[in-house]
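Participant: So that we are looking at the same thing, I have put the structure below in structure tokens.
The values are calculated or read from the model by the stated rules, or taken from the named source; none is laboratory data. Nothing here was measured: the structure is a model prediction, and the numbers come from that model. As a convention, Cβ positions derive from the backbone with ideal geometry for all residues, glycine included, and neighbour counts pool all protein chains shown. Just so you know, the surface numbers come from the protein's heavy atoms only, side chains and all, with ligands and any DNA or RNA stripped out. Shrake-Rupley method; radii C 1.70, N 1.55, O 1.52, S 1.80 Å.
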Amino acid sequence: MQPDKPIILAIDDDAIILNTVVSILKANFSVRPFTSGEAALNYLKTNPADLILLDQWMPGMTGLEILQRLRSSPETSQIPTIFLTGALDNESEALALETGAVDYIHKPVKPQTLLIRVRFQLELQRHRKHLEALVEEKTRSLNAAYNKLKMRENITLDLLARTADMRDHYTGGHIERTTAFVRIIVEYMLANPKPGYTLSLPEADDIVRSSKLHDLGKVATPDSVLLKPGRLTEEEFALVKQHPIYGEKMLHDFIQLQEEEDSFLNTARSIAYGHHERWDGSGYPQGLKGEEIPLAARIVAIADVYDALTSERPYKSILCHDESMRIIRENRGSHFDPYITDIFLKHAAEVAKVSRHPYPGRS
């Protein structure tokens, strides 16, 4: 079966020239002749074309006006258009090419010149479409590879976070719940930008994902301390207070291995190091105060404490949601960033819903 001939629209108000063009091209192409630009544009609304031959000077709508209409429509903007003109001035040619014409042929049209120019532009268009298809296929392949790597990265991140979490929170779900609380705060901040609390989408994503690693340093804390069924001695608590330092050190070592800046690891590091700092400067390990504490760490701090209050520990019983929220409210401006506290309290019902589910996000 012979392939379909390329479709060429010939637009010229001079019937003699139009017939000449058709007779030159009809053996190799399917030519659609039009004596007005409006008729040709109407045809293109429902029909394809591979190339357009366009007279520059016509009554009513000029060739330049037609070309502007073609270039402004997504359906026709990529169709190569060759101008046919009797004008000999360089300004007209330059204007046509600047408007989007791919070539410029002077009248009277020479058969061999027209055939060569048309074939050349169709071949260019064929190569262009082929390259676009290759790029599209390559993009799909790269996206698939990226998504696969992203999935593996997320699995590795979850495994690392749960390894640290299981040494301390034996009832499980702490990582998932804390991440869900962080997401509630971050999504509000994204939707309601405020000076000092404005986040970009990548920054928000980094905070939510890296919040899972806030207790990474606890892998270096002795089991005898983490799992002690009772209150810790001062010496034991001093060991526990080292876990932000251990976490920061581990993530710092990972960062040093990177060839380029990694915003995710940097955010995870600031969270691991700063989530036990307090707004009034009474926290640890650095005793940072107010906005000296990284924003990501301030967000995770309130989520972490709320989940600790509403979860069972070897040394304490579970507090109800209302009692835990009362404690959060009372520590506004002392332990917690006042504005982030307000966001958290504003979403009390949503927080409670997450808190009632031991493993939010899991089926």
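Participant: How many residues does the range 278-329 contain that are closer than 19 Å to Val240 by Cβ and among the acidic types (Asp, Glu)?
Facilitator: 3
Participant: Filter the range 96-107 for residues that are under 44 Å from the mean Cα position of the chain (by Cα) and farther than 18 Å from Leu122 by Cβ; which is surrounded by the fewest Cβ atoms within 10 Å (Cβ to Cβ)?
Facilitator: Among those that are under 44 Å from the mean Cα position of the chain (by Cα) and farther than 18 Å from Leu122 by Cβ, it is Glu98.
Participant: If you check Ile24 against the conditions, is it part of a helix (DSSP H, G or I) and closer than 19 Å to Tyr104 by Cα?
Facilitator: yes
Participant: Please work out which one of (1) more than 23 Å from the chain's Cα centre (by Cα); (2) closer than 24 Å to Pro6 by Cβ; (3) of a type in the set (D, E, K, R) is the condition Arg162 fails and give its number.
Facilitator: (2)
Listed here are the residues, each with its yes/no results for (1) polar (S, T, N, Q); (2) touching a helix residue (DSSP H, G or I) at 6+ places or on another chain (Cβ under 6 Å); (3) in a helix (DSSP H, G or I).
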| site | (1), (2), (3) |
| --- | --- |
| Ala101 | no, no, no |
| Tyr104 | no, yes, no |
| Arg128 | no, no, yes |
| Leu131 | no, no, yes |
| Asp158 | no, no, yes |
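Participant: List, please: which pairs have Cβ atoms under 6 Å, are six or more places apart or on different chains, and start with a residue in the range 17-44 that is farther than 17 Å from Thr85 by Cβ and end with one that is acidic (Asp, Glu) and open to solvent by 30 Å² or more (accessible area, probe 1.4 Å)?
Facilitator: Close Cβ pairs satisfying both conditions: none exist.
Participant: Of the conditions (1) part of a helix (DSSP H, G or I); (2) touching a residue at least 40 places away in the same chain (Cβ under 8 Å); (3) of a type in the set (A, V, I, L, M); (4) open to solvent by 20 Å² or more (accessible area, probe 1.4 Å), Leu232 satisfies every one except a single condition; which number is it?
Facilitator: (1)
Participant: Can you tell me which residues in the range 141-174 are at pLDDT 70 or above, surrounded by 12 or more Cβ atoms within 10 Å (Cβ to Cβ) and either within 16 Å of Asp205 (Cα to Cα) or aromatic (Phe, Trp, Tyr) (or both)?
Facilitator: Glu153, Asn154, Leu157, Asp158
Participant: If the Cβ limit is 7 Å and pairs must be 6+ apart or interchain, which residue in the range 294-306 that is outside any helix (DSSP H, G or I) pairs with which residue that is open to solvent by 10 Å² or more (accessible area, probe 1.4 Å)?
Facilitator: As it stands, the answer is Pro294/Ser270, since those pairs meet every condition given.
Participant: Could I ask something else about it? How about the range 72-95: which of its residues are surrounded by 15 or more Cβ atoms within 10 Å (Cβ to Cβ) and under 18 Å from Ile8 (Cβ atoms)?
Facilitator: Result: Thr76, Ile79, Pro80, Thr81, Ile82, Phe83, Leu84, Thr85.
Participant: Another question, then. Which of the residues spanning the range 12-65 are β-branched (Val, Ile, Thr), touching a strand residue (DSSP E or B) at 6+ places or on another chain (Cβ under 6 Å) and more than 17 Å from Gln121 (Cα to Cα)?
Facilitator: Val22
Participant: Give me the residue from the range 200-215 that is surrounded by fewer than 19 Cβ atoms within 10 Å (Cβ to Cβ) and charged (D, E, K, R) and, out of that set, nearest to Arg177 (Cα to Cα).
Facilitator: Asp205
Participant: For the range 269-293, enumerate the residues that are under 24 Å from the mean Cα position of the chain (by Cα), free of Cβ contacts under 8 Å to residues at least 60 places away in the same chain and either crowded, with 24+ Cβ neighbours inside 10 Å or outside any helix (DSSP H, G or I) (or both).
Facilitator: Arg269, the sole residue that qualifies.
Participant: Quick test for you: out of Ser355, Ser263, pick the one residue that is of a type outside the set (Asp, Glu) and either within 22 Å of Arg231 (Cα to Cα) or under 26 Å from the mean Cα position of the chain (by Cα) (or both).
Facilitator: Exactly one of Ser355, Ser263 is of a type outside the set (Asp, Glu) and either within 22 Å of Arg231 (Cα to Cα) or under 26 Å from the mean Cα position of the chain (by Cα) (or both), namely Ser263.
Participant: Report, ordered by the first and then the second residue, all pairs with beta carbons closer than 8 Å, sequence separation of six or more or different chains, a first member in the range 114-138 that is closer than 30 Å to Ser23 by Cβ and open to solvent by less than 100 Å² (accessible area, probe 1.4 Å), and a second member that is assigned to a helix (DSSP H, G or I) and modelled with pLDDT of 90 or more.
Facilitator: Between residues of the range 114-138 that are closer than 30 Å to Ser23 by Cβ and open to solvent by less than 100 Å² (accessible area, probe 1.4 Å) and residues that are assigned to a helix (DSSP H, G or I) and modelled with pLDDT of 90 or more, the close pairs are Leu114/Val21; Leu114/Ile24; Leu114/Leu25; Leu115/Ile24; Leu115/Leu25; Val118/Leu25.
Participant: For the range 60-70, state whether one or more residues are within 16 Å of Leu9 (Cα to Cα), of a type in the set (Lys, Arg) and open to solvent by 90 Å² or more (accessible area, probe 1.4 Å).
Facilitator: Checked the range 60-70: at least one residue is within 16 Å of Leu9 (Cα to Cα), of a type in the set (Lys, Arg) and open to solvent by 90 Å² or more (accessible area, probe 1.4 Å).
Participant: Does Ile52 meet the test of being open to solvent by less than 60 Å² (accessible area, probe 1.4 Å) and part of a strand (DSSP E or B)?
Facilitator: yes
Conditions (1) over 17 Å from Ile7 (Cα atoms); (2) at pLDDT 85 or above; (3) of a type outside the set (D, E, K, R), marked per residue:
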| site | (1), (2), (3) |
| --- | --- |
| Asp50 | no, yes, no |
| Leu53 | no, yes, yes |
| Gly60 | yes, no, yes |
| Gly86 | yes, no, yes |
| Thr99 | yes, no, yes |
| His106 | yes, yes, yes |
| Lys110 | yes, yes, no |
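Participant: Is it the case that Ile299 is at pLDDT 95 or above, under 29 Å from the mean Cα position of the chain (by Cα) and not polar (S, T, N, Q)?
Facilitator: Against the criterion (at pLDDT 95 or above, under 29 Å from the mean Cα position of the chain (by Cα) and not polar (S, T, N, Q)), Ile299 qualifies.
Participant: Okay, next question. Please verify whether the range 217-225 includes one or more residues that are among the charged types (D, E, K, R), open to solvent by less than 70 Å² (accessible area, probe 1.4 Å) and farther than 19 Å from Asp304 by Cα.
Facilitator: Checked against the condition, which is being among the charged types (D, E, K, R), open to solvent by less than 70 Å² (accessible area, probe 1.4 Å) and farther than 19 Å from Asp304 by Cα, the range 217-225 yields no hits at all.
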